[in-house]
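Worksheet for the structure shown next.
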Amino acid sequence: MPRPKILSTRPLFEAARRILDATCDVDYWTSPERINRAELLRRVQDKEGLVCLLTEKVNDELLAAAPKLCIAANIAVGFDNIDVPACTRRGVAATNTPGVLDETTADFAWTLLMAVARRIGEGEQLARSGNWKGWDLDQLCGTDVWGKTLGILGFGRIGRAVARRAAGFRMKVLYHDAMHATEAAERELHAEYRDFNALLVESDFLSVHVPLLAETRGLLSGPQFARMKPTAFLINTSRGPVIDEAALVHALETGKIAGAALDVYENEPFILPGLKRPNTVLAPHLASASLETRTKMACMAAENVVAMLTGKRPPNLLNPEIWKER
Ligand code: DGY
């Protein structure tokens, strides 16, 4: 039996390579430069499996270029880079990596929250600059985190992991989601439901954890920032386009909110110059970037590919319709 041919747009990690290499012939893109679109379309032509990143669009164009493709395995939980209906129309499985990155991403949302509240970016710059003149009473005074109100927009696995961490800071936890959590979950996490408006009005820290969907694109814009407290901070580790960045810059400039800490942007890797301000903390899409978690994500993607190409249902199938057709 010929071994299935796979394209991986990254060299992955050894553990993930072992999973793939055991059953497949893998073309790993190893250049430090990202694979460009033309090269991706060329290399995927004869492949049955694709292991890809959220920076690569799996759309009709790619699917048309890859007539043998059976699976596109994203190394990310978010899959807005994959046109799932287009995959379904062609019988191609689409998979993602849910669950393994929840705690790591929640850690990072807290990293950003603490950093923006306590002005660590500015402090670090001063400490490294050679201009620090020593302790001073009013130097870089930030905002207390403990005892404040944490608002969580999107109360899925990651939002809940963020909520769980708030207990140590004796915070009041509010959430908004399209679906109410069960009473048991609310009790366990000491979280109270609020409608979207009330969440905006009451939160001292608003942490965003919704997926990017048509309904969430631009969810936070001028009118929403106008409802927030002028002392409030916005934290985003979900997807950039959930926030209208131009409106955010305006809100920051005009003091509608106190600051923002962002890991994701509307047009990555471009970062709007207006976001580069003292009252923002900016990270380059790192929330799941611990070696342990990124290794697990890569292994999950590899397992999805191997399952599909050995006749088993991929564990993280996003379009189960294609499986029923088998
Ligand atoms: C995801 O998984 O969707 C992240 O944005 C990358 O970890």
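Annotation: A115 fulfils all but one of (1) in contact with a strand residue (DSSP E or B) (Cβ under 9 Å, 6 or more places away or on another chain); (2) not in a helix (DSSP H, G or I); the unmet one is (2). Looking across region 180-196, just one residue is part of a strand (DSSP E or B) and under 17 Å from A161 (Cβ atoms), and that is A191. Of the residues making up region 118-131, just one is part of a helix (DSSP H, G or I), open to solvent by 70 Å² or more (accessible area, probe 1.4 Å) and polar (S, T, N, Q), namely Q125. For region 74-106, a tally of residues being within 13 Å of the ligand (Cβ to nearest atom), in a helix (DSSP H, G or I) and without any contact (Cβ under 8 Å) to a residue 40 or more places away in the chain returns 0.
Residue by residue, here is whether (1) in contact with a Ser or Thr (Cβ under 6 Å, 6 or more places away or on another chain); (2) of a type in the set (D, E, K, R); (3) closer than 29 Å to P211 by Cα; (4) loosely packed, with under 15 Cβ neighbours inside 10 Å holds:
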{"site": "M1", "(1), (2), (3), (4)": "no, no, no, yes"}
{"site": "F13", "(1), (2), (3), (4)": "yes, no, yes, no"}
{"site": "V44", "(1), (2), (3), (4)": "no, no, yes, no"}
{"site": "N59", "(1), (2), (3), (4)": "no, no, yes, yes"}
{"site": "V77", "(1), (2), (3), (4)": "yes, no, yes, no"}
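Take I75 and decide whether it is in contact with a helix residue (DSSP H, G or I) (Cβ under 6 Å, 6 or more places away or on another chain) and either within 23 Å of L291 (Cα to Cα) or of a type in the set (A, V, I, L, M, F, W, C) (or both). So I75 fits the description; yes. Between T88, T55, T111, the distinction of being surrounded by fewer than 20 Cβ atoms within 10 Å (Cβ to Cβ), in the same structural domain as C141 (by TED's automatic domain parsing) and either more than 18 Å from the chain's Cα centre (by Cα) or β-branched (V, I, T) (or both) belongs to T111 only. Pairing each residue of region 225-244 that is over 13 Å from L200 (Cα atoms) with any residue that is away from the ligand (no atom under 16 Å from the Cβ) and outside any loop (DSSP other than H, G, I, E, B), provided the two are 6+ apart or on different chains, yields C-beta distances under 6 Å for I243/L220.
The values are calculated or read from the model by the stated rules, or taken from the named source; none is laboratory data. The shown structure was predicted, so the numbers you read here are calculated from the model rather than taken from an experiment. Backbone-built Cβ (ideal geometry, glycine too); neighbour counts: all protein chains shown. These area figures cover heavy atoms from the full protein model, side chains too; ligands, DNA and RNA do not enter into them. Shrake-Rupley method; radii C 1.70, N 1.55, O 1.52, S 1.80 Å.
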